[in-house]
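Down below is the structure, laid out as structure tokens.
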Amino acid sequence: MGQSIVVNEKPSSNPGVIRFETNRAFTGMDHERYLAGQEIWGERPPDELARRLLDKPSVAGVQINGNMVTVDLNKGFDSTGLLEVIENLYRFYPDTPDTPEAAEAEPGVDLAAEDAAADAQADPEPAAPVEEPAAADDAEAPAAEADAAPEA
């Protein structure tokens, strides 16, 4: 549930700096800067994105301006996994399980869904046939005979 953000990773001329261009503006015209170890007080989307990025050991700092997210990496790290963090900012239920326990529990859910689908496809009990009044059949018969007579 939720909507993924389209993100393009852009190279930077500075080593250790990665830029991400998104299809969403996070800050409008304002520029936000967050550093590792700094407490983030806000509840806005750029604050939450910075929290999630700074949870990664590879991130030393985050700058967000409009739809551009610039990440300063710690020495010896690359940008692995950062693109997915930005893409899933507005996703409430990610597609992939985060823990091995969730991956093991997921097949049981699939089996339950298959059982429910099989029950839904089972033939329903036949309904009692609906009898039409005999008078309706008798009224149609003379009309059909009247139409046939002029043709002969």
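The values are calculated or read from the model by the stated rules, or taken from the named source; none is laboratory data. What you see is a predicted model; the values in this text were computed from it and never measured. All Cβ positions, even for glycine, are placed from backbone atoms using ideal geometry, and neighbour counts span all protein chains on display.
For the range 29-45, state whether one or more residues are closer than 27 Å to LYS75 by Cα, in a loop (DSSP other than H, G, I, E, B) and touching a residue at least 24 places away in the same chain (Cβ under 8 Å). Checked the range 29-45: at least one residue is closer than 27 Å to LYS75 by Cα, in a loop (DSSP other than H, G, I, E, B) and touching a residue at least 24 places away in the same chain (Cβ under 8 Å). In this structure, is PHE92 aromatic (Phe, Trp, Tyr), surrounded by 15 or more Cβ atoms within 10 Å (Cβ to Cβ) and under 26 Å from the mean Cα position of the chain (by Cα)? The answer is no for PHE92. Scoring SER58 on the criteria (1) modelled with pLDDT under 95; (2) farther than 12 Å from ARG19 by Cα; (3) of a type in the set (S, T, N, Q) leaves a single failure, condition (1). Filtered by the rule that a residue be farther than 19 Å from LYS75 by Cβ, surrounded by 15 or more Cβ atoms within 10 Å (Cβ to Cβ) and aliphatic (A, V, I, L, M), the range 5-24 gives ILE5, VAL7.
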